[in-house]
Amino acid sequence: MMPSYFFAHGAPSIVLEDNAYTKLLKEFKDHLPKPKAIVLFSAHWEESVQSVGAAATYDTIYDFGGFQDELYQMTYPAKSDQALADQIQKLFTAHGIENIRNETRGLDHGAWAVLKLLYPEADIPVVALSVNRHLSNEQQYEIGKALAELREQDVLIIASGGTVHNLRRLNWNSEEIDGWAGQFDQWIEEKLEAWDTEALFQYEKLAPYAEKAVPTSEHFIPLLIAMGAGDNGRHAQLLHRSYQYGNLSLSCWKFN
């Protein structure tokens, strides 16, 4: 069964960087059978109704400003998989999750920056999926759980976001890790490894420095979705964690 994964996408410039985290992403495909298709939730696609991307060929969205010119020349012309999009919509409907199809939206940087590092050839079909910050944490988990059976069909489920993501608190010149960011992530690690959903669903109240680490939830939601997709096995493994700019976490979690 294909695992599900959570990847932090960091800043858009991650595509150009050479560090331990990007090395892990670039070597990812060497340690996993090539998937039949990829289902990807991105923190940067927010909708009030669960949306299923089904563009014939995705445009590349440059939803950022002030970065290197090279980034605005990059493309990731992946194609969708119409049959898989149909199946996903049926699974959502069967689990009582309202959903709509979107055949025009391209891939934002939360999607294409990660995919370009993982599978640079863009030769695997992708079904992009939105997130909704107004749902409960339990509902986020159930969204992932609704798609869990796709893992048995060689479909790779990826959720892209960031556990600690507070742009107002970034220190662009810092090489030190802010203590509050590390403490929050350590709490999350302990609860994930124990598969303590009761605590995780209340992380806003229980986790140390949650308000600093997660001022808005759209980047944290993908972690709960990826975890939900791993509900059958309930095994969480931290593959990498590092930080940029004092507190922007770059982490990768595997669920199987």
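Every number in this text was worked out from the coordinates using simple rules, so none of it is lab data. Since we're looking at a predicted model, the values are computed, not measured. Neighbour counts are summed over all protein chains in view; Cβ atoms, including those assigned to glycine, are modelled from backbone coordinates with ideal geometry.
Structure data summary
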| quantity | calculated |
| --- | --- |
| Members of segment 242-251 found to be assigned to a strand (DSSP E or B), out of contact with any Gly (no Cβ under 7 Å at 6 or more places or on another chain) and buried (at least 19 other Cβ atoms within 10 Å of the Cβ), listed by number | Tyr243, Ser251 |
| Filter result for the condition that a residue is more than 24 Å from Asn232 (Cα to Cα), within 20 Å of the chain's Cα centre (by Cα) and touching a residue at least 40 places away in the same chain (Cβ under 8 Å), over Asn171, Asn166 | Asn166 |
| The one condition in (1) in contact (Cβ under 8 Å) with a residue 40 or more places away in the chain; (2) under 21 Å from Gly179 (Cα atoms); (3) not in a strand (DSSP E or B) that Leu238 fails to fulfil | (3) |
| Segment 137-180 - residue that is among the aliphatic types (A, V, I, L, M) and out of contact with any helix residue (DSSP H, G or I) (no Cβ under 8 Å at 6 or more places or on another chain) and, of those, nearest to Trp112 (Cα to Cα) | Leu156 |
| Unmet requirement for Gly182, which otherwise passes all of (1) crowded, with 19+ Cβ neighbours inside 10 Å; (2) over 18 Å from Glu138 (Cα atoms); (3) small (Gly, Ala, Ser) | (1) |
| Residues within segment 1-60 that are of a type in the set (Ser, Thr, Tyr), touching a strand residue (DSSP E or B) at 6+ places or on another chain (Cβ under 7 Å) and more than 26 Å from Gly246 (Cβ to Cβ), tallied | 5 |
| Residue list for segment 78-118, restricted to those being among the acidic types (Asp, Glu) and over 20 Å from His9 (Cβ atoms) | Asp81, Asp86, Glu98, Glu103 |
| Matching option when the condition is in contact with a helix residue (DSSP H, G or I) (Cβ under 7 Å, 6 or more places away or on another chain), under 19 Å from Lys145 (Cβ atoms), in contact (Cβ under 8 Å) with a residue 24 or more places away in the chain and surrounded by 14 or more Cβ atoms within 10 Å (Cβ to Cβ), among Val39, Val15 | Val39 |
| Breaking point among (1) touching a residue at least 24 places away in the same chain (Cβ under 8 Å); (2) surrounded by fewer than 20 Cβ atoms within 10 Å (Cβ to Cβ); (3) of a type in the set (Ser, Thr, Tyr), for Thr57 | (1) |
| Residue tally, condition of a type in the set (S, T, N, Q) and in contact (Cβ under 8 Å) with a residue 60 or more places away in the chain, over segment 60-98 | 1 |
| Residue selected from segment 222-237 under the condition among the small types (Gly, Ala, Ser) and crowded, with 24+ Cβ neighbours inside 10 Å, by the criterion farthest from Glu138 (Cα to Cα) | Gly230 |
